[in-house]
Structures are given as C-alpha cells and as structure tokens.
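Input: a single structure, listed below in structure tokens.
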Amino acid sequence: MNTPTKEECFSLIQGMDMMDHIIDHSIMVSNVALCLCQFLEKKFPDINVLAVGSAALLHDITKTRSFSTGEVHSETGGILLNDLGYPEIGDIIRQHVILDTCTRESPLSETEIVNYADKRVLHDQIVSLEKRREYIMVRYGTKPEFKQRIQVMWDNTLDLEQKLFKQLPFKPSQLSDLVLPTIKRQYKKGQPTT
C-alpha cells in the first residue's frame, strides 16, 4: 500500500491551507486511531498502522475548502489522495464519514479504525459517541433527510464500537485515558514540528 509519510501528510495539510482547528482535530483523530492500533496489532497483524495514521491525519484534507465550494469533503478528499497516487488512503478517507460496509464477522480494517476514531473526536477532544452525535445533529442535522442519514450512520457506528471493543482490553469510556500525544502540533510559520 502506497502511504504518505507523516512529513508528506503535513506538507499536504499545509498546501491545502487547512484551518488550524481542523488540523488539531485531524491530529487528535490520528492519535486515537494509532492508540487503537497499538492494542489491536497483536490480534490483527495485517492492519497497516502507517496507513491508519496517514489516513487519519488527512481525513479532512478538503474540509476547509468545502466551506466555500459546498463539496462533500469525504469524497473529494478520497479523490485527491487517489490522484496523488495513494488510492488505498483515498478509499479510507472517502469512508471516514460513512462506511461502505461493516460486518461484525469481518476482521477489523484500517477504514473502520479511522472512521471510529473520527466519531470519537469533537474538535480536538475525545468524547463519547453520544456527545459527538449531539454535536453533529445540531451542526448538520437541520434538514429531515440529513437527520435520517445521521441516525443510520450512528446506528452503524454503535455496531462498529461493539465490534471494535470486543477486541480491546478496555471500555470505550477509558479511551481518553489511554491516548498518548503521539503527534504534537507546534506550528511556527506553517512548519510542523513533531
């Protein structure tokens, strides 16, 4: 799997002129995803941890511009990474809002880990699924068709949380205590240092 390095990810982030709060969110999503991988690697050795970290960092790569263009950032982010030569990363990004499929019987995938990590991070804080759902309903659930889509997404996310935490030695409520600051954002004139 062709995967951008952490440095390449930050270069892409800088090139897309992402808003600081979206960068902070993306870094925390990556921290959560990498924490989950740390506990899942032994049971699922095929998980590509580098891909998880990179896709999580880049999952909102086109979100800043979507505020003015109206584009669906999960789709255009996926297309962008595909066009840059990272098709698998692009596919993970495309599915960070809604998974194509999620079955309890299948092995955990990089896509599921990034999707779940994103659902647990509100701005740059780890929160419960319920708190994140409440925020999304207020922010995006203004139209009836969006409310229904959000509800379906959250029903699937609850199933994913059960699937995920069957494999983990801790409860969802303990996640925030375990996430280490694996990547720290210290920008000076747009240059990340980690």
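Values in this text are rule-based calculations from the coordinates and carry no lab data. None of the values given here were measured: they were computed from a predicted structure. For neighbour counting, all protein chains shown are included, and Cβ atoms are generated from backbone atoms with ideal geometry for every residue, glycine included.
With just the Cα atoms defining each centre, how far is the range 37-77 from the range 103-182? Give it in Å.
14 Å
Identify the residues of the range 102-133 with backbone N under 19 Å of a label point that sits 7 angstrom from the Cα of F170 along the Cα-to-Cβ direction, or state none.
The answer is 113-122, 124-132.
Give me, ordered by chain and number, the residues 5 or more places off L122 or on other chains with an amide H under 5 Å from its own placed amide H.
Long-range HN contacts for L122: V127.
What nm distance separates the two modelled labels at D155 and T103, each placed 7 Å from Cα along Cα→Cβ?
The two pseudo-label positions are separated by 1.9 nm.
Give me S26, S109, S68, S176 sorted ascending by neighbouring Cβ count inside 10 Å, so fewest comes first.
S68, S176, S109, S26
If you split all Cα-Cα distances of the chain into 5 Å bins from zero, what percentages do you get per bin, shortest first?
In whole percents, the pair-distance histogram is 1, 8, 16, 22, 22, 16, 10, 4, 1, 0.
Loop only by DSSP, 13 or fewer other Cβ within 10 Å of the Cβ. Give me the GluC sites (Glu not before Pro) in the range 108-160 that pass, ordered by residue number. Working shown, then result.
Numbers: sites: E110, E112, E130, E134, E145; in loops: none.
Sites meeting the loop and neighbour criteria: none at all.
Can you work out the FRET efficiency for the pair K6 and K131, with r the C-beta to C-beta distance and R0 = 30 Å, to the nearest 0.05? Mind showing how you got there, number by number?
Values: r = 29 Å, r/R0 = 0.96.
FRET efficiency, K6 to K131: 0.55.
Note down the magnitude of the dipole of the chain about its Cα centre, charges +1 on Lys and Arg C-beta and -1 on Asp and Glu C-beta and zero elsewhere, to the nearest 20 debye. All intermediate terms of the calculation are to be shown ahead of the outcome.
Numbers: 23 positive and 26 negative charges, 120 e Å.
Result for the chain is approximately 580 debye, rounded to the nearest 20.
Against the empirical 2.2 N^0.38 Å scaling, what ratio does the C-alpha Rg of the range 1-67 come to? Before the final figure, lay out each step's value.
On the way: Rg = 12.6 Å, N = 67, 2.2 N^0.38 = 10.9 Å.
For the range 1-67, the normalised Cα radius of gyration is 1.16.
Taking loop as defined by DSSP and a crowding limit of 16 other beta carbons within 10 Å, which trypsin sites (Lys or Arg not before Pro) in the range 1-72 fit?
Details: sites: K6, K42, K43, K63, R65; in loops: K42, K43.
Those that pass, being in a loop and sparsely packed, are K42, K43.
Starting from the range 76-138, pick out the trypsin sites (Lys or Arg not before Pro) whose DSSP state is loop and whose Cβ has at most 16 other Cβ atoms within 10 Å. All intermediate terms of the calculation are to be shown ahead of the outcome.
Working: sites: R94, R104, K119, R120, K131, R132, R133; in loops: R104, R120.
The qualifying sites are R104.
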